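Presented below is the structure to which this report refers.
The values are calculated or read from the model by the stated rules, or taken from the named source; none is laboratory data. Values in this document were obtained by computation on a predicted structure and should not be read as measured data. Cβ atoms come from the backbone with ideal geometry, glycine included; neighbour counts cover every protein chain shown. Quick note on the areas: whole protein, heavy atoms, side chains included, nothing else; ligands and nucleic acids left out. Shrake-Rupley method; radii C 1.70, N 1.55, O 1.52, S 1.80 Å.
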Amino acid sequence: MSAELVRLFDYDLWANRAWLGYLSARGRPDTETAVLGHVLAASAVWLSRLEGESPAAMPMPAVDEATLAALHGRWTGELARRALTEVVNYRRFNGDRTESEVGDIARHVVNHGTYHRGELRGLCRACGDESFPETDYIRFTSR
């Protein structure tokens with residue numbers, strides 16, 4: 001298990017919870033909620049790939065606390081039982097076969113979430129809303 005990667009998934013959970021709370025307080029705007037849903041869906045897809053499945057399309061998980069907690073638990077469980085250098089074979093959505101190491105997949109999932117939370121900030125700013133949560137990693141580590 002990599003304590004560093006578990007910490008990154010703890011950060012991911014913290015940041016996603018902050019955005020979920022913020023979006024809920026704003027009445028869950030469709031566009032922004034869809035972006036957060038995409039973050040959760042991608043996390044679920046990569047977990048499926050680690051578990052030996054290759055989904056043909058993105059799932060549509062509920063955007064709620066239960067989903068956040070379940071994904072976090074599944075990720076930390078996978079990281080506890082797998083070597084980070086273990087190679088995972090899977091199919092991309094277009095059907096191409098490829099492979100990646102568990103550690104690279106895990107880092108990708110966290111980075112993907114960070115990227116899209118930045119997108120959420122941009123969407124909020126475009127609407128004139130500056131009250132969005134600050135979810136940079138350094139904020140997580142300095143709390």
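Selection within segment 124-143: residues that are assigned to a loop (DSSP other than H, G, I, E, B) and closer than 16 Å to Leu8 by Cβ. The member of this set that is most open to solvent (accessible area, probe 1.4 Å) is Arg143. If you check Gly103, Gly113 for being more than 30 Å from Gly27 (Cα to Cα), assigned to a helix (DSSP H, G or I), out of contact with any Lys or Arg (no Cβ under 8 Å at 6 or more places or on another chain) and open to solvent by less than 30 Å² (accessible area, probe 1.4 Å), only one passes: Gly103.
Of the residues examined, Arg121 is one that is over 12 Å from the mean Cα position of the chain (by Cα) and in a helix (DSSP H, G or I).
So Gly95 ticks every box in (1) small (Gly, Ala, Ser); (2) assigned to a helix (DSSP H, G or I); (3) loosely packed, with under 14 Cβ neighbours inside 10 Å but one. Which box is left unticked? Gly95 satisfies all of (1) small (Gly, Ala, Ser); (2) assigned to a helix (DSSP H, G or I); (3) loosely packed, with under 14 Cβ neighbours inside 10 Å except (2). Considering the conditions (1) touching a Phe, Trp or Tyr at 6+ places or on another chain (Cβ under 8 Å); (2) modelled with pLDDT of 95 or more; (3) more than 22 Å from Gly21 (Cβ to Cβ), Thr76 is excluded by exactly one of them, (3).
Looking for whichever is part of a helix (DSSP H, G or I) and surrounded by 18 or more Cβ atoms within 10 Å (Cβ to Cβ) here; the options are Ser48, Ser43, Ser24. Which one fits? Matching residue, one of Ser48, Ser43, Ser24: Ser43.
Taking Glu78 as meeting all but one of (1) of a type in the set (Asp, Glu); (2) touching a Leu at 6+ places or on another chain (Cβ under 6 Å); (3) open to solvent by 80 Å² or more (accessible area, probe 1.4 Å), write down the number of the exception. Failing condition for Glu78: (3).
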